[in-house]
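The values are calculated or read from the model by the stated rules, or taken from the named source; none is laboratory data. This is a predicted model, so every value here is computed, not measured. A quick note on method: Cβ atoms are made from the backbone with ideal geometry, for glycine too, and the neighbour counts reach across all protein chains shown. For accessibility, only protein heavy atoms count, side chains too; no ligands or nucleic acids. Shrake-Rupley method; radii C 1.70, N 1.55, O 1.52, S 1.80 Å.
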Amino acid sequence: MREEINILGIETSCDETAAAIVQNGRKILSNVVSTQIDIHKKFGGVVPEIASRAHLKIISQVIDESLEKANLKKDDLDAIAVTNGPGLVGALLVGVSYAKTLAFVLNKKLIAVNHISGHICANYLESDFEPPFICCVISGGHTNLIYVKGYDEFETLGQTRDDAVGEVYDKVARVLKLNYPGGPEIDKLAQTGNYNKIKFPQALLDNSFDFSFSGLKSHIINFVYKNQENIDEIKKDIAAGFQFAVGQVILKKTFAACELKSCKKIALAGGVSANSYLRKIFIEACEEENYKISIPKKDFCTDNAAMIASSGYFGLLKDKFADLDLNAVPNLKI
Ligand code: KG4
Ligand code: ZN
């Protein structure tokens with residue numbers, strides 16, 4: 001095998017059309033992300049049919065740009081990796097169909113990538129971080145606590161029983177009349193708030209690594225409605241109190257998982273791991289406990305294709321190739 005393996009990654013599982021070229025799973029040659037946030041903003045969330053159409057409109061351009069930026073031709077690629085689930089079926093199909101066509105026309109290997117595995121692999125980008133470690137994947141669609149035994153060996157220890165963390169961030173932001181997506185808005189607002197002023201419940205679900213955030217969500221929605229007369233004044237403290245409750249649950253469960261697996265290495269992944277408060281409490285706790293921690297650069301926390309190309313590389317090393325009858329699987333498990 002050649003020393004340098006260049007993989008084109010394609011990601012269209014939700015509202016980002018992304019293409020990237022990554023060398024040997026870690027070195028980013030290009031990373032192009034076209035976001036649909038402005039299109040979905042007026043609806044307060046992603047509209048699946050509109051997302052599929054927007055992907056279709058721009059995917060060629062995004063892929064061409066990723067090749068141009070990497071200074072490579074299509075023929076220079078070693079393989080094409082694409083997200084085939086989990087995600088919105090119509091959106092996934094755009095990427096999967098495009099990747100299959102490219103693989104067929106160029107006679108290249110095709111690799112199917114699980115979106116969650118992609119998020120985990122964001123920790124390898126421009127880094128020498130290695131398994132084993134405990135990874136908490138916190139995004140708009142997922143909340144998973146995973147023991148990453150090897151590059152393609154995962155043991156799910158827990159997951160959310162109801163809402164994903166990012167979903168709750170977006171919902172809480174909406175009742176506080178903040179912009180969409182709500183995560184970054186709450187992040188910003190909480191920086192001016194008091195983390196100890198308003199206490200919200202932490203659902204720890206004893207003896208389980210599962211999460212449940214719907215109770216916290218309902219509690220905050222009720223709290224906001226009951227305090228309408230001075231809501232503008234206390235908004236920042238609600239944002240901070242909410243972040244504290246979420247942060248403590250994620251932190252405690254992640255450390256408990258480390259104890260179970262006798263593993264002193266933690267990684268975060270997914271859009272919510274771009275959150276400055278969560279990053280801070282994890283870094284501080286790991287420093288205190290003498291654990292190693294990896295959190296991807298903010299651009300690699302949210303959806304991108306570099307993480308898909310990275311995961312594809314580790315699939316390629318194990319000859320895990322997909323056939324041209326590959327399909328999109330909206331509820332694909334890791
Ligand atoms: O990973 P991602 O881009 O898409 C999914 O796979 O779901 O995650 C998107 C989620 C959204 O809910 C968004 O509000 C949240 O990540 N997010 C944040 C921050 N940046 C994005 N949540 C909290 N703080 C942030 N700074
Ligand atoms: Zn994602």
Give me the percent of the accessible area of segment 146-279 that comes from carbon and sulfur atoms, probe 1.4 Å, all protein chains in place. 47 percent
Would you kindly find the accessible area of residue 101, with a 1.4 Å probe and non-protein molecules such as ligands, DNA and RNA excluded, rounding to the nearest 10 Å²? 80 Å²
Residue 174 and residue 74 label points (each 7 Å along its Cα→Cβ direction) are spaced in nm at 4.0 nm
To the nearest 500 deg cm²/dmol, what mean residue ellipticity at 222 nm is calculated for the chain from DSSP H runs of n ≥ 4 alone, each contributing -39,500 (n - 2.57), summed and divided by the residues? -14000 deg cm²/dmol
For segment 133-296, diffusion coefficient by Stokes-Einstein and Kirkwood Rh (Cα), 25 °C, 0.890 mPa s, µm²/s: 153 µm²/s
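Would you work out the relative contact order for segment 133-296, in percent, from Cα pairs under 8 angstrom that are 6 or more residues apart?
Working: 284 pairs, mean separation 46.9, N = 164.
With pairs under 8 Å counted, the relative contact order is 29 percent.
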In whole Å, what is the distance between the alpha-carbon centres of segment 1-58 and segment 273-319? 18 Å
Sort out for me the Cα centre separation of segment 109-185 from segment 88-106, rounded to whole Å. 23 Å
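Note the full-extension length gain between residue 321 and residue 214 as 0.36 nm times their separation in residues minus their Cα-Cα distance, in nm to one decimal. Intermediate values should be presented prior to the final figure.
Details: separation 107, 0.36 × 107 = 38.52 nm, distance 3.85 nm.
Once the chain is fully extended between residue 321 and residue 214, it gains 34.7 nm.
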I'd like the orientation of helix 231-261 relative to the chain: the angle between its Cα long axis and the longest Cα principal axis, in ° from 0 to 90, rounded to 10. 60 degrees
Mind grabbing the base-10 log of I(q)/I(0) for segment 1-122 at q = 0.13, 0.23 Å⁻¹? Debye formula, identical points on the C-alpha positions, no solvent, two decimal places. -0.48, -1.39
Hull surface divided by four, with the convex hull built on the Cα atoms of segment 52-112: how many nm²? 4.1 nm²
Using a 1.4 angstrom probe on the protein heavy atoms only, line up 233, 4 by accessible area, largest first. 233, 4
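Near residue 227, within a Cβ-to-Cβ distance under 11 Å, what is the net charge of the other residues, with Lys and Arg +1 and Asp and Glu -1? Each step should come with its number before you reach the end.
On the way: positive: 226, 235; negative: 229, 232, 233, 237.
Cβ neighbours under 11 Å give a net charge of -2.
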Over segment 137-220, with a single point scatterer placed on each C-alpha, what log10 of the ratio I(q)/I(0) does the Debye formula yield at q = 0.15 1/Å? -0.64
Could you tell me the calculated FRET efficiency between residue 64 and residue 233, based on Cβ-Cβ distance and R0 = 56 angstrom, to the nearest 0.05? 0.65
So the angle from the long Cα axis of helix 276-289 to the longest Cα principal axis of the chain, reported in degrees to the nearest 10, equals 90 degrees
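For the chain, just run the numbers: alpha carbon Rg, then divide by 2.2 N^0.38 Å, N being how many residues it has.
Numbers: Rg = 19.9 Å, N = 334, 2.2 N^0.38 = 20.0 Å.
Expressed relative to 2.2 N^0.38 Å, the Cα Rg reads 0.99.
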Which residue fluctuates most in the GNM of the chain (Cα springs below 10 Å): 226, 217, 265? 226
